[in-house]
1. Nearest 5 percent is fine: what portion of the DSSP beta bridges confined to the stretch 129-259 is antiparallel?
2. Where the centre of each part is set by its Cα atoms, how far does the stretch 9-31 sit from the stretch 80-127, in angstrom?
3. Modelled label-to-label distance, Asp145 and Glu228, 7 Å Cα→beta-carbon offset: nm?
4. Return the distance in nm (one decimal) between the two label points of a simple spin-label model at Ser75 and Thr154, each offset 7 Å from Cα along Cα→Cβ.
5. Any idea how far the Cα center of the stretch 132-151 sits from the one of the stretch 171-224, in Å?
6. Name the lysines eligible as straight-distance cross-link partners of Lys214: C-alpha to C-alpha under 23 Å, and not fewer than 8 places from it in the same chain.
7. What is the sum of charges around Glu213, taking Lys and Arg as +1, Asp and Glu as -1, for the other residues whose C-beta is under 13 Å from the C-beta of Glu213?
8. Semi-axes of the equivalent ellipsoid of the stretch 129-259: what are they in whole Å, largest first, if each equals the square root of 5 times a C-alpha gyration tensor eigenvalue?
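The values are calculated or read from the model by the stated rules, or taken from the named source; none is laboratory data. Given the structure is predicted, the values throughout are model-derived calculations rather than measurements. For neighbour counting, all protein chains shown are included, and Cβ atoms are generated from backbone atoms with ideal geometry for every residue, glycine included. Quick note on the areas: whole protein, heavy atoms, side chains included, nothing else; ligands and nucleic acids left out. Shrake-Rupley method; radii C 1.70, N 1.55, O 1.52, S 1.80 Å.
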Amino acid sequence: MILNKVEKANIEPKITLIGAGPGDPDLFSLKGVKALKTADVVLYDANVNEALLCHAPDGIPKVYVGKRSDDESFSQDAVNKLIIDYALNYGHVVRLKSGDPFFFAKGYEEIDAAESYSIPTEIIPGISSATGAPSLQKIPMIYKDLSESFWAVTGTNSRGEISEDLYIAAKTKATIVVLNGIEKVKEIAAIFQAENKNLLPVAVIQNGSTPQEKIAIGIVDTIAEIVEDKKIDAPALLVFGDVVSLHPQFQPIRDFYEIIAEEY
């Protein structure tokens, strides 16, 4: 239930939704820093680097509303109401979401809820892990004859099932970035195997841009085993495509299969 607005002369409700980027606080935008400096309240997600909170004024509420794929401590509806409550009672609410708030995030729902109460809103985009993490590994999304487009696909839908779009994406030559799919890496690899793409290069990046970053490089047939061996877990993304062959760690894999091919 939304609380009634506290009658204070200087309260001007506003909600600013900011993309916090993939994890490295140095990748946060200057516009985001400026907005944080004017915050009356900050609400932040699980994958947001807490170092960013130092840009907010001292003494204001900084509220964790953890939203990992396996963390249901805050439903989206509860978060929406909480944002509105704070805006009406405190003023400027800065909502920090990991990556980009409109890229595989429920930023639109939060803004839509706020505007239903006639609360002014602003969006400040961030670097999405879908493009930022591969870029930091020098993996391009589009490159010459290797790929002419890229798809960003959720690994699992709201029902926990593998996205139907993945079956379509696997038929293309595009670079496919899969978010929220690490728990189903075997099933996702099987989709590409069904398209006879057993040797397609794959990269898996966990905690991209942070000191905790892990990376696995392989092919469709081996990636699930490599992920298990390296103990890679969420948050992680998968990149399927020939562009992954440009990564330095892929060269030994290429050499191995070229030797096998020559023998047969």
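1. Here the antiparallel bridges make up roughly 75 percent for the stretch 129-259.
2. One Cα centre to the other: 10 Å.
3. Computed distance between label sites Asp145 and Glu228 equals 3.7 nm.
4. According to this spin-label approximation, the distance is 1.7 nm.
5. 14 Å
6. Qualifying lysines at Cα under 23 Å: Lys67, Lys97, Lys138, Lys184, Lys186, Lys230, Lys231.
7. Combined, the nearby Lys, Arg, Asp and Glu give 0.
8. Details: eigenvalues 73, 60, 46 Å².
Result for the stretch 129-259: semi-axes of 19, 17, 15 Å.
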